[in-house]
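Have a look at the structure below, then the notes.
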Amino acid sequence: MDNYNLCIQVTPMPCNTNENEDIFGGWLLSQMDLAGCIECKNYYAGRYVTITIDKMVFKEPVQVGDILSIYCKILNVGNTSITVDIISKIKKIYTKEIIEVTRGVFKYVCIDQDKKPKKIKKTSL
């Protein structure tokens, strides 16, 4: 996974499951959103809000106890926004098999204390 950064690693718990005992897609999506925000803050310090989620794909279910790892790669830096490709993988607890479970492209806008878009100073990727 060239140029992807590990941003979050977490183990889903029983409180994160639906009635089928799979992890809620919304919980997984929120973890991806947090990871993308961390990637933005590592690029340029500031406060970020999510404005779009594109090409979101849920490929495989996640189970309690799997080790979830979320990787991020910045695709584009605009005047006030950063677009991040986010991939989630799990390591199965018993087999140690690593499986890609979700992928999406998230766009964040940097905002100031008045919640207005703030210019991002570009640095080299």
Q: Among Pro117, Phe58, Ile87, pick out the residue whose Cα is farthest towards the positive end of the charge dipole of the stretch 46-125, where Lys and Arg carry +1 and Asp and Glu carry -1 on C-beta, about the Cα centre.
A: Pro117
Q.
Give me a comma-separated list of calculated 3J(HN,Hα) values for the stretch 78-90, in order, Karplus coefficients 6.51, -1.76, 1.60 applied at θ = phi - 60°, integers in Hz, x for any Gly or Pro.
A. x, 5, 10, 10, 10, 9, 10, 8, 10, 10, 10, 10, 10
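Summarise the accessible area of the chain (1.4 Å probe, protein heavy atoms) by the percent that is carbon and sulfur. Walk me through the intermediate numbers first.
Details: 3680 of 7280 Å².
That share works out to 51 percent.
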Q.
Leaving out ligands and nucleic acids, and using a 1.4 Å probe, what accessible area per residue does the chain come to in Å²?
A. 58
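Calculate the all-directions average of the projected area of the stretch 74-125's alpha-carbon convex hull, and give it in nm².
5.3
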Q) Which of these values of Cα extents along the principal axes in Å was calculated from the structure shown: [x] 46, 31, 22; [y] 55, 29, 22; [z] 33, 31, 30? A) [x]
(Q) Quick check for you: which residues of the stretch 12-35 have the amide N under 20 Å from the point 7 Å beyond the Cα of Ile98 toward its beta carbon? (A) 12, 32, 35
Q: Work from the charge dipole of the stretch 1-107 (Cβ charges, +1 for Lys and Arg, -1 for Asp and Glu, about the Cα centre) and give the residue of Asn20, Asn76, Val101 farthest towards its positive end.
A: Asn76
Q. What does the highest-first list of 98-106, 11-19 look like by mean Cβ count within 10 Å?
A. 98-106, 11-19
Q | Simple spin-label estimate for Val10 and Asp54 in nanometres, 7 Å along Cα-Cβ | A | 2.6
Q: Mind putting a number on the dipole of the chain about its Cα centre? Charges go on the C-beta only, +1 for Lys and Arg and -1 for Asp and Glu, and I need it in Debye to the nearest 20.
A: 720
Q: Among Tyr44, Tyr94, Tyr71, determine the one that fluctuates most according to a GNM of the chain built with springs between C-alpha atoms less than 10 Å apart.
A: Tyr94
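Given axes a ≥ b ≥ c from the Cα gyration tensor, I'd like to know whether the stretch 15-83 is rounded (a/c under 1.5), prolate (a/b larger than b/c) or oblate.
prolate
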Q: Pick out which of Gln31, Gln113, Gln63 has the largest mean-square fluctuation in a Gaussian network model of the chain, springs linking Cα atoms closer than 10 Å.
A: Gln113
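Of Lys73/Lys96; Lys41/Lys73; Lys55/Lys115, which pairs sit farther than 20 Å apart, going by alpha carbon to alpha carbon?
Values: Lys73/Lys96 24 Å; Lys41/Lys73 13 Å; Lys55/Lys115 27 Å.
In this structure, Lys73/Lys96; Lys55/Lys115 exceed 20 Å between Cα atoms.
The values are calculated or read from the model by the stated rules, or taken from the named source; none is laboratory data. Every value quoted in this text rests on a predicted model; they were computed, and no experiment measured them. Neighbour counts run over all protein chains shown; Cβ positions are idealised from the backbone, glycine included. Areas reflect the complete protein model, heavy atoms only, side chains present, ligands, DNA and RNA absent. Shrake-Rupley method; radii C 1.70, N 1.55, O 1.52, S 1.80 Å.
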